[in-house]
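The values are calculated or read from the model by the stated rules, or taken from the named source; none is laboratory data. Values in this document were obtained by computation on a predicted structure and should not be read as measured data. Cβ sites come from the backbone with ideal geometry, for glycine too, and all protein chains shown count toward neighbours.
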Amino acid sequence: MNTLLRTSLILTFTIVSLFAVAQAPKDGAMLQLDPAQIEMMSGGEATVAIEVIRSKRFQKSKIGAPSLASSLKGLTHDIVVTEQPDVYLLTLHAEEGMANGKHTLIINGDRKWGRRIRSTMLTVDIVSRGTTISSKQ
């Protein structure tokens, strides 16, 4: 019984560690968004968490805050550093009367490591006031 328990614990640890390694890129780093798609009203505000996931080689590298490669007229943004390492908050504010529809923003890594950090996209769906926003999980 003791051997069976020890074997199952080792197997569980191996599976968990393999899953964690599979998430990280082979080289450089990548940006991960939570959530990757948001809906907001014109005149509204939304916040998205950005996490930098590093490869083993980049664990000790100093990587700066990500930036928006593309911007939309009527959409302002602010990127804030959090207390957690490699986690940033992107706050978007849509001005009143901004065009309805889906818009795509491209988020890049900092300039120094720009080629080594995989960019990501954020889809922003702007809806006019009075429209019901469905919550997507």
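Assorted remarks:
- Output for the range 23-73, where each listed residue is under 14 Å from the mean Cα position of the chain (by Cα) and of a type in the set (Val, Ile, Thr): Ile38, Thr47, Val48, Ile50, Val52, Ile53
- Among the criteria (1) modelled with pLDDT under 90; (2) assigned to a loop (DSSP other than H, G, I, E, B), the one His103 does not fulfil is (2).
Quick grid of which residues meet (1) modelled with pLDDT under 90; (2) among the β-branched types (Val, Ile, Thr); (3) not in a strand (DSSP E or B):
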site: Ile15; (1), (2), (3): yes, yes, yes
site: Ala22; (1), (2), (3): yes, no, yes
site: Ile38; (1), (2), (3): yes, yes, no
site: Ala49; (1), (2), (3): no, no, no
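- Scanning the range 87-98 for residues that are modelled with pLDDT under 90 and either farther than 26 Å from Val127 by Cβ or in contact with a Leu (Cβ under 9 Å, 6 or more places away or on another chain) (or both) yields Ala94, Glu95, Met98.
- Cβ-Cβ under 9 Å pairs, at least 6 apart or on other chains, the range 60-76 side without any contact (Cβ under 8 Å) to a residue 60 or more places away in the chain and closer than 17 Å to Ala46 by Cβ, far side part of a loop (DSSP other than H, G, I, E, B) and of a type in the set (S, T, N, Q): Pro66/Ser119; Gly74/Ser42
- Scanning the range 55-70 for residues that are within 23 Å of Ile106 (Cβ to Cβ) and outside any loop (DSSP other than H, G, I, E, B) yields Phe58, Ser67, Leu68.
- Once the range 106-130 is narrowed to residues that are polar (S, T, N, Q) and either assigned to a loop (DSSP other than H, G, I, E, B) or in contact with a helix residue (DSSP H, G or I) (Cβ under 9 Å, 6 or more places away or on another chain) (or both), the residue that is modelled with the lowest pLDDT is Ser128.
- For the range 29-47, a tally of residues being among the hydroxyl-bearing types (Ser, Thr, Tyr) and either out of contact with any Ser or Thr (no Cβ under 6 Å at 6 or more places or on another chain) or surrounded by 16 or more Cβ atoms within 10 Å (Cβ to Cβ) (or both) returns 1.
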